[in-house]
Amino acid sequence: MTVSNALANRRQLRRHKLSVEIALLDSARSETMGKLVDIHQEGLLLLGKAFVIESSHQFSLMLPNSINGQFYIEIGVECLWCQPSIDNDTLFWVGFTIIDKSKNATAGIQSLINITAP
C-alpha cells in the first residue's frame, strides 16, 4: 500500500479497547497470532507476530465466553502496517482492515464491543 493510499484509508471509526483478552488464531494454520488490542467494525489492532504488509489472512477471534451463541468470530483481514514493539523485541503492533465478515461476525463484533469495552 502506498503512503497516499494509507493516508486515504485512515481509520474513520472510533477504536474500542477491550477489557478482556481475546486471542487471534490464523484459521488456516490453527496458530495463535497474538492478542486483540482494540477493534471496530472496519479494523483491528493486534499485538503479536509480524505480518507482511498487504497480506490477507483469515482469523478466528477466540471469545472468552459465548456471545450470541458464538465462541469465536471469523473474519478476513488485510495487514495495513506492522511495527516492532518498543517494550518487547519479539512482539509487533499490527494494524488490519477487515475485508470479509458475515452478518454473524458483524453482530458478534458489535456485541464484543458492547460487552467488553470499558
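So Val20 passes all but one of these: (1) touching a Pro at 6+ places or on another chain (Cβ under 9 Å); (2) open to solvent by less than 70 Å² (accessible area, probe 1.4 Å); (3) modelled with pLDDT of 85 or more. Which condition number does it fail?
Here Val20 clears every test but (3).
Cβ contacts < 8 Å: first residue part of a loop (DSSP other than H, G, I, E, B), restricted to region 30-47; second residue polar (S, T, N, Q), any location; separation 6+ or different chain. Result?
The qualifying pairs are Gln41/Thr106; Gln41/Gln110; Glu42/Gln12; Glu42/Thr97.
One residue is enough: does region 58-79 have a residue meeting the conditions among the hydrophobic types (A, V, I, L, M, F, W, C), closer than 14 Å to Gly43 by Cα and touching a helix residue (DSSP H, G or I) at 6+ places or on another chain (Cβ under 7 Å)?
yes
Which residues, counting only those in region 78-92, are open to solvent by less than 90 Å² (accessible area, probe 1.4 Å), in a loop (DSSP other than H, G, I, E, B) and of a type outside the set (A, V, I, L, M)?
Within region 78-92, Ser85, Asn88 qualify.
Residues of region 45-78 being more than 12 Å from the chain's Cα centre (by Cα) and among the aromatic types (Phe, Trp, Tyr), which ones?
Phe51, Phe71, Tyr72
Considering only residues of region 49-67 that are of a type in the set (A, V, I, L, M) and closer than 18 Å to Thr97 by Cβ, which is most open to solvent (accessible area, probe 1.4 Å)?
Val52
Can Gly43 be described as at pLDDT 95 or above, open to solvent by less than 70 Å² (accessible area, probe 1.4 Å) and not acidic (Asp, Glu)?
Taking the combined requirement at face value, the residue does not satisfy it.
Can you name the number of the only condition in (1) open to solvent by less than 60 Å² (accessible area, probe 1.4 Å); (2) at pLDDT below 95 that Arg29 fails?
(1)
Quick check on this structure: which one of Ile113, Ile75 is crowded, with 16+ Cβ neighbours inside 10 Å and part of a strand (DSSP E or B)?
Unique residue meeting the criteria: Ile75.
Is it the case that some residue within region 87-102 is among the polar types (S, T, N, Q) and touching a Ser or Thr at 6+ places or on another chain (Cβ under 9 Å)?
Checking region 87-102: not a single residue is among the polar types (S, T, N, Q) and touching a Ser or Thr at 6+ places or on another chain (Cβ under 9 Å).
The values are calculated or read from the model by the stated rules, or taken from the named source; none is laboratory data. Every value quoted in this text rests on a predicted model; they were computed, and no experiment measured them. With ideal geometry, Cβ positions are generated from the backbone for all residues, glycine too; neighbour counts draw on all protein chains shown. Calculation scope for accessible area: heavy atoms of the full protein, side chains included, ligands and nucleic acids excluded. Shrake-Rupley method; radii C 1.70, N 1.55, O 1.52, S 1.80 Å.
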